[in-house]
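J.: Just passing along the structure, written as structure tokens.
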Amino acid sequence: MIYNKTWITWFNKNKNKELYNEIINKEIPEHKRCRICNGPIYYYDSIFRINKDKKLYVDKKSYLTKKIIENKEYYLSVCEDCLTKKYPEYQTLNKGRVFNRICDITNFAFNIPEKITEEWKKKNYSITLENFIKKYGEEKGKLKWENYLLKQSKSNTLEYKKEKYGWDKNKFDEYNKSRSVTLKNCVLRHGEEDGLKIWENYIEKQKLTKSKEYYVDKYGLDEWLKLCKSKKISLTNFKEKYGELEGEQKYIQKVSRCYPPSKVSQDLFEGIDVFLEKKYRTYYYNKDGIEFGKLLSNGRYVFLDFYIKELKLNIEYNGDIWHANPKIYKKDDKPIPFNDKTSEDIWKSDKEKINLLERDFGIKTIVIWESDKKPISELLNIIKKHE
């Protein structure tokens, strides 16, 4: 094919993928191909140019477009059609700047491992004193860091949001909930597949940093015991947190009513909800402030943490203290600070509940311990076995 300026002008104005492919195959055989569809790496804003040596090349986006991360080069390896199929939102972005930042779209387009970009962003863009000093120098960096902390302490308050945006308490709580690291938020931000991976990586890190072994190794046994004591629901702890009078009132309110489900358990059940909401019509958990209950044949009314009616399956989330995790407590221990129930008493009560649920109603129970949480994917597989 003989190319000239008139032809280049025509092509650059009209853009035609088929013609582009034909030109690439004949004139630029070294052009790399899309790793998804094996066609030429074609973008609709790409244009042809001729250099001073009268050699034809692709300007803007092509197989020569690259990103450099930690001194390693990553080249554009998918065409625009395949990128759009994976990330439709690409078409709504600024095409000239979309690859200027590291994100899921850039990772996919350049085939950059997620682990590499996460470490790079953490090293270069996370808001830390170290990065402030790296960017502005020690004196100016420390000053900017202190100003940042001061600004955050003010801008994250209800008073600030109310004055600047007119938010009420409900809007403020909704905003904070949307920022929290939950499976539902991960899936909304990154899609089901990537969101689930990110969530499970987060859970694994949490399990490590909150484990007794990790905490004792880092801070010592005395600090671990101090932490455990501070988390107990006791009059002393409530008074230390709220003051003498208010602390006593809050403590009485707390122990005189049924305990609500923990935030951790609700995060777990909200995660399951994400994947089951289109599959089953009748399942229950405490998302509306009401748990599903059953009256057992012994006259005892019990609540089910997460109940799937169509499968007759109950998922119980057992807190280590409230249900006396046998890996932590001995049978004669009294883990709950304000009553005399032994671990053995608690185990007997829980076992009776599980047995009578199955005998009276045919409901089988899966137990998940607070300190031994299963990944969502494993839990979904367990549920699937009961289908």
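J.: Gain in length, residue 13 to residue 119, computed as 0.36 nm per residue apart minus the alpha-carbon separation, to one decimal in nm?
T.: 34.0 nm
J.: May I pose another question? Just add up the charged neighbours of residue 69: K/R +1, D/E -1, any other residue whose Cβ is under 14 Å from the Cβ of residue 69.
T.: Net local charge, residue 69 excluded: +3.
J.: Still on this model: So how tilted is helix 263-276 from the main axis of the chain? Cα-based, degrees 0 to 90, rounded to 10.
T.: 50 degrees
J.: Here is a further query. If R0 is 35 Å, what FRET efficiency do you get for residue 359 and residue 263 from their C-beta distance, rounded to 0.05?
T.: Efficiency computed from Cβ-Cβ geometry: 0.60.
J.: Which FRET efficiency value, to the nearest 0.05, do you get for residue 164 and residue 208 by plugging their Cβ-Cβ distance into 1/(1 + (r/R0)^6) with R0 = 45 Å?
T.: 0.75
J.: How many nm separate the modelled label positions at residue 37 and residue 200, each set 7 Å beyond the Cα in the direction of the Cβ?
T.: So the two model labels end up 3.1 nm from each other.
J.: Let me ask you something else. Taking the alpha-carbon distance from residue 207 and a cut-off under 13 Å, which aspartates and glutamates remain once sequence neighbours fewer than 8 residues away in the same chain are dropped?
T.: 370, 372
J.: Here's another thing I want to ask about it. Could you calculate the FRET efficiency of residue 103 with residue 280 from 1/(1 + (r/R0)^6), where r is the beta carbon distance between them and R0 is 30 Å, rounded to 0.05?
T.: Given R0 = 30 Å and the Cβ-Cβ separation, E is 0.30.
J.: Calculate how steeply helix 343-361 sits against the longest principal axis of the alpha-carbon atoms of the chain, using the helix alpha-carbon long axis, and give the answer as 0 to 90 degrees to the nearest 10.
T.: Computed tilt is about 70 degrees.
J.: With each run of n ≥ 4 DSSP H residues scored as -39500 (n - 2.57), what mean residue ellipticity at 222 nm is computed for the chain after dividing by its residue count and rounding to the nearest 500 deg cm²/dmol?
T.: -15500 deg cm²/dmol
J.: Once the principal axes of the Cα atoms of the chain are found, what is the range along each, listed largest first in whole angstroms?
T.: Principal extents (largest minus smallest coordinate, Cα): 92, 60, 45 Å.
Readers should treat all values here as calculations from the given coordinates under stated rules, not as data from a laboratory. None of the values given here were measured: they were computed from a predicted structure. Cβ: placed from backbone, ideal geometry, glycine included. Neighbour counts: every protein chain shown.
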